[in-house]
Amino acid sequence: MGDELSFSQSDIEFHEKPAASFAIAAVTNTSRCTAFETDNNSCRVLPGFKLGAPGQYEVNQAMEELRFKWRGFSFQHELHFKNIDDRLIAANLKSKTDLMGGYVQAGYFPHDLIPLVPKQLEFAMRYAAVDPNRDIDNNMQQELTGAMNWFFSGHSNKLSFEVSHLTVEDPTKNIKKDEERARVQWDISF
């Protein structure tokens with residue numbers, strides 16, 4: 001919908017008309033791996049799994065993504081589902097593992113509403129969660145982050161300051177750990 005959306009997650013272009021994109025994807029694979037990186041030789045395994053025999057794991061994945069930008073406001077959301085079936089596991093054991101994760105993020109350049117705020121300054125919020133095994137209770141990993149971004153030269157040169165609240169649950173020890181983190185990052189691309 002509307003103009004093409006750039007690589008930047010922020011509405012640094014300040015779209016005068018709403019711009020949006022929606023995507024869905026699905027993939028299935030049978031191999032000795034439960035996860036892959038960017039090249040075809042990057043077989044790896046998720047926590048709780050071992051590198052399998054050829055054809056051991058049937059992996060089915062699906063995802064959806066939504067992005068929206070308009071007048072300095074940006075919104076994005078992704079949701080991922082993954083099912084791993086261990087085809088060589090003993091018949092009396094549970095062979096399937098379901099994973100789910102996603103995030104929602106919104107940002108805004110408030111200069112249009114409050115002229116005292118510099119044009120280059122964006123405020124953003126993000127919530128992310130991963131459930132590495134939906135059959136196990138109390139094993140969620142969550143993040144809530146507030147951010148300020150200063151764009152010197154678009155997405156190619158920006159300074160970010162983030163404060164995050166992280167929560168990790170461990171069902172084997174029946175504990176929940178919370179932690180706060182602050183991060184400053186300067187991104188330069190050329």
Between a residue in the stretch 117-133 that is free of Cβ contacts under 8 Å to residues at least 24 places away in the same chain and any residue that is open to solvent by 30 Å² or more (accessible area, probe 1.4 Å) and aliphatic (A, V, I, L, M), which pairs come within a Cβ distance under 7 Å, given they are 6 or more apart or on different chains? MET125/ALA106
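Determine whether the stretch 90-100 contains at least one residue that is aliphatic (A, V, I, L, M), open to solvent by 80 Å² or more (accessible area, probe 1.4 Å) and closer than 28 Å to GLY48 by Cβ.
Taking the stretch 90-100 and keeping what is aliphatic (A, V, I, L, M), we get 90-91, 93, 99-100.
In the following step, the residues that additionally are open to solvent by 80 Å² or more (accessible area, probe 1.4 Å) were identified as 91, 93.
In the following step, the residues that additionally are closer than 28 Å to GLY48 by Cβ were identified as 91, 93.
So far as the stretch 90-100 goes, yes, one or more of its residues are aliphatic (A, V, I, L, M), open to solvent by 80 Å² or more (accessible area, probe 1.4 Å) and closer than 28 Å to GLY48 by Cβ.
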Filter pass, ARG134 being touching a Phe, Trp or Tyr at 6+ places or on another chain (Cβ under 8 Å), open to solvent by 50 Å² or more (accessible area, probe 1.4 Å) and of a type in the set (Lys, Arg): no
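State whether one or more residues within the stretch 177-186 are open to solvent by 40 Å² or more (accessible area, probe 1.4 Å), in contact (Cβ under 8 Å) with a residue 24 or more places away in the chain, of a type in the set (S, T, N, Q) and under 25 Å from VAL117 (Cβ atoms).
First, the residues of the stretch 177-186 that are open to solvent by 40 Å² or more (accessible area, probe 1.4 Å): 177-186.
If we keep only those that are in contact (Cβ under 8 Å) with a residue 24 or more places away in the chain as well, we get 184-186.
From what's left, of a type in the set (S, T, N, Q): 185.
Imposing the further condition that a residue be under 25 Å from VAL117 (Cβ atoms) reduces the set to 185.
Checked against the condition, which is being open to solvent by 40 Å² or more (accessible area, probe 1.4 Å), in contact (Cβ under 8 Å) with a residue 24 or more places away in the chain, of a type in the set (S, T, N, Q) and under 25 Å from VAL117 (Cβ atoms), the stretch 177-186 yields at least one hit.
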Can you name the number of the only condition in (1) more than 26 Å from ASN157 (Cα to Cα); (2) modelled with pLDDT of 90 or more; (3) surrounded by 13 or more Cβ atoms within 10 Å (Cβ to Cβ) that ARG32 fails? (2)
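Any chance you could count how many residues in the stretch 41-82 are farther than 30 Å from PHE123 by Cβ, open to solvent by less than 70 Å² (accessible area, probe 1.4 Å) and polar (S, T, N, Q)? Step through it out loud before you land on a result.
Residues of the stretch 41-82 that are farther than 30 Å from PHE123 by Cβ, as a first pass: 41-62, 81-82.
Filter once more, so that each one left must be open to solvent by less than 70 Å² (accessible area, probe 1.4 Å): 42-43, 45-46, 49, 52-53, 55-60, 62, 82.
From what is left, the residues that are polar (S, T, N, Q) are 42, 56, 60.
Count: 3.
The values are calculated or read from the model by the stated rules, or taken from the named source; none is laboratory data. Note that this is a predicted model, so its numbers are computed, not measured. Ideal geometry is used to build each Cβ from the backbone, glycine not excepted, and the neighbour counts take in all protein chains shown. These area figures cover heavy atoms from the full protein model, side chains too; ligands, DNA and RNA do not enter into them. Shrake-Rupley method; radii C 1.70, N 1.55, O 1.52, S 1.80 Å.
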